[in-house]
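Nothing in this text is a laboratory measurement; each read-out follows from the coordinates by a stated rule. Note that the structure is predicted; figures quoted are calculated from it, not measured. Neighbour counts run over all protein chains shown; Cβ positions are idealised from the backbone, glycine included.
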Amino acid sequence: MELVSIQDLAAMAGVSLRTLRRRQAAGEMPPRIQRCRSLMYRRSDAEAWIERTKPERSDNRGRSA
């Protein structure tokens, strides 16, 4: 079981640590595992969460025609 920190998860998701902390407070994050004093995430859970929450891109990338 490979674990990642919240900092690693932020880098993987391409968002700020602050964004993840807000999502954590809102209960929108994958399950956490406490390892000593650190909160970690299973890599597989983190990757699945990123795929579920990734916004779909349109061809025009949000630009109006």
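Count of the range 34-48 residues, restricted to those that are surrounded by 13 or more Cβ atoms within 10 Å (Cβ to Cβ) and out of contact with any helix residue (DSSP H, G or I) (no Cβ under 7 Å at 6 or more places or on another chain), is 5.
The residues of the range 1-22 that are over 10 Å from the mean Cα position of the chain (by Cα) and buried (at least 17 other Cβ atoms within 10 Å of the Cβ) amount to a single one, 4. Any idea which residue in the range 24-42 is farthest from residue 5 (Cα to Cα), counting only those that are among the small types (Gly, Ala, Ser) and either in contact (Cβ under 8 Å) with a residue 24 or more places away in the chain or not in a loop (DSSP other than H, G, I, E, B) (or both)? For the range 24-42, the residue satisfying everything is 25.
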